Amino acid sequence: MKLLFYVSKLYSVPVVQPLVKEAERRGVKIALFASSKVKKSLPDEISALPVFTDLKSATAFKPDFVLCPGNFVDFRLPGIKVELFHGIGVEKPSHYRIRHFFDMYLTSGPVVTRRFTQMQKKNKYFRIVETGWPKIDHILKYDTTDLKERYDIPAGRKVILYSPTHSRTMQSATLLLPEIEKTMKPDEIWLCKPHEFMDRSLVNGIADKQHFRLITDYDITPYLYLADVMVSDTSSVIYEFMVLDKPVVTFRTLARKDKGVNIQEPRELRAALDRSLLNPGEFSNNRKRHLEQVNPRLDGNISKGIIDLLSTIDPEEPVGTRRKPLNLFRKLQILYHSRFRKGYMR
């Protein structure tokens with residue numbers, strides 16, 4: 001079995017890392033097809049693998065499966081195309097958009113599986129398997145040795161992680177940033193991890209503020225461990241934080257509003273933070289209940305299950321009962337990007 005990981009965005013690297021480790025442990029042949037930006041920033045454990053940045057080399061690898069933590073994959077690559085998803089964005093409509101590139105969707109939990117099962121009635125060419133999201137393995141097994149020392153977090157200081165989404169209809173930064181400046185306490189350290197696609201003017205505004213530590217790392221995982229509370233909106237990173245059973249304060253979140261303290265106005269932020277810090281276990285049962293629907297597998301063996309699954313599939317056999325649609329418009333987009341844009345991967 002040969003696996004090709006199709007990684008076009010830096011924040012997708014932690015999604016494939018546990019799969020890479022598991023595949024290597026079993027002696028499976030693996031390689032990456034990555035954008036130039038991703039290749040420059042790969043961790044040592046992955047950069048030692050074959051990393052292709054051009055279609056010809058990736059095609060010559062002749063993968064049996066192409067595993068993609070993103071919305072697009074080049075249709076010209078050989079092998080079964082497997083969607084891993086780049087996040088657990090279960091509230092976002094784009095999470096459920098069928099773009100006719102993938103033969104298999106590996107879903108995180110029942111809420112996603114149900115939606116894709118409904119769509120499968122119309123699109124019978126793909127297969128759905130509920131495996132859990134592989135980045136959860138990365139989070140659960142992350143090395144936290146001397147983490148506060150590594151990130152210069154003084155003992156006794158409370159850490160607040162603000163991680164807003166970039167979506168214009170869901171983002172909170174415009175309204176919350178001015179309030180955060182007013183509400184900070186001297187014994188708190190505030191970390192801010194904006195989404196990679198957030199409006200640059202907002203990111204630059206954060207960078208100019210003295211009391212924030214702006215996180216530019218692509219992997220948020222160590223900061224999940226460092227934080228005592230997360231402040232967010234409808235970002236999927238909330239569910240990553242909930243895996244650690246820590247409190248969240250959400251701003252006008254769209255669903256599962258009882259996973260933490262959900263506020264409607266910026267002026268409510270301080271009281272919500274004080275409440276969460278005073279009683280971090282208040283919403284613990286709710287968090288666990290929601291994870292049962294979003295991503296119930298928390299045993300650290302999601303990647304093992306995915307490799308087990310792929311090893312049972314004959315890549316020469318059809319996955320679904322029908323052929324994929326022609327999908328001409330999106331294929332032309334891929335061709336256009338590969339022809340006229342440097343580092344075309346999407």
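The values are calculated or read from the model by the stated rules, or taken from the named source; none is laboratory data. None of the values given here were measured: they were computed from a predicted structure. For neighbour counting, all protein chains shown are included, and Cβ atoms are generated from backbone atoms with ideal geometry for every residue, glycine included.
Beta carbons closer than 8 Å, at least 6 apart along the sequence or on distinct chains, pair a first residue in the stretch 48-63 that is assigned by TED's automatic domain parsing to the domain that holds F75 with a second that is among the basic types (K, R) and assigned to a helix (DSSP H, G or I) for V51/K39; T53/K39. With the structure loaded, tell me whether E316 is among the acidic types (D, E) and without any contact (Cβ under 8 Å) to a residue 24 or more places away in the chain or whether it fails that test. Yes; evaluated as a whole, the condition is true for this residue.
Of everything listed in (1) touching a helix residue (DSSP H, G or I) at 6+ places or on another chain (Cβ under 6 Å); (2) more than 24 Å from T165 (Cβ to Cβ); (3) in contact (Cβ under 8 Å) with a residue 60 or more places away in the chain, the single unmet condition for H100 is (1). For the stretch 249-299, give me each residue that is within 15 Å of I88 (Cβ to Cβ) and touching a Lys or Arg at 6+ places or on another chain (Cβ under 6 Å). Of everything in the stretch 249-299, those that are within 15 Å of I88 (Cβ to Cβ) and touching a Lys or Arg at 6+ places or on another chain (Cβ under 6 Å) turn out to be K259, R287, H290. Residue pairs whose Cβ atoms lie under 8 Å apart, separated by 6 or more positions or on different chains, with the first residue in the stretch 16-42 and farther than 18 Å from F52 by Cα and the second of a type in the set (D, E), are P18/D137; K21/E45.
Just to be sure I understand, how many residues within the stretch 232-244 are touching a Pro at 6+ places or on another chain (Cβ under 8 Å) and either at pLDDT 95 or above or part of a strand (DSSP E or B) (or both)? Total satisfying the criteria: 1. Assess whether A255 counts as being out of contact with any helix residue (DSSP H, G or I) (no Cβ under 8 Å at 6 or more places or on another chain), in a helix (DSSP H, G or I) and either surrounded by fewer than 17 Cβ atoms within 10 Å (Cβ to Cβ) or of a type in the set (A, V, I, L, M, F, W, C) (or both). Answer is no for this residue. Among the helices (runs of 4 or more DSSP H) lying completely within the stretch 259-346, list those that include at least 3 residues that are more than 25 Å from A23 (Cα to Cα) and out of contact with any helix residue (DSSP H, G or I) (no Cβ under 6 Å at 6 or more places or on another chain). Those helices (runs of 4 or more DSSP H) span 269-278, 284-294, 328-340. Within the stretch 73-85, the set of residues being in a strand (DSSP E or B) and within 16 Å of S8 (Cα to Cα) comprises K81, V82, E83.
Output yes when any residue across the stretch 95-107 is of a type in the set (V, I, T) and in contact with a Cys (Cβ under 9 Å, 6 or more places away or on another chain), and no when none is. No: zero hits.
Restrict the check to the stretch 134-155 and report whether at least one residue is modelled with pLDDT under 90 and loosely packed, with under 14 Cβ neighbours inside 10 Å.
Initially, the stretch 134-155 is screened for residues modelled with pLDDT under 90, giving 155.
Now narrow it down to the ones that are loosely packed, with under 14 Cβ neighbours inside 10 Å: 155.
Scanning the stretch 134-155 turns up at least one residue that is modelled with pLDDT under 90 and loosely packed, with under 14 Cβ neighbours inside 10 Å.
Applying the set (1) farther than 10 Å from W133 by Cβ; (2) part of a loop (DSSP other than H, G, I, E, B); (3) in contact with a Lys or Arg (Cβ under 9 Å, 6 or more places away or on another chain) to I88 leaves exactly one unmet item: (1). Among residues of the stretch 320-332 that are in contact (Cβ under 8 Å) with a residue 60 or more places away in the chain, none has a Cβ under 8 angstrom from a residue that is surrounded by fewer than 10 Cβ atoms within 10 Å (Cβ to Cβ) at a sequence gap of 6+ or on a separate chain.
Output yes when any residue across the stretch 296-304 is loosely packed, with under 14 Cβ neighbours inside 10 Å, modelled with pLDDT of 95 or more and either in the same structural domain as D74 (by TED's automatic domain parsing) or more than 22 Å from Y96 (Cβ to Cβ) (or both), and no when none is. Talk me through it step by step, then tell me what you get.
The first filter runs over the stretch 296-304 and keeps only residues loosely packed, with under 14 Cβ neighbours inside 10 Å, leaving 299.
Cutting the leftovers down to modelled with pLDDT of 95 or more gives us 299.
Those left that are additionally either in the same structural domain as D74 (by TED's automatic domain parsing) or more than 22 Å from Y96 (Cβ to Cβ) (or both): 299.
Yes.
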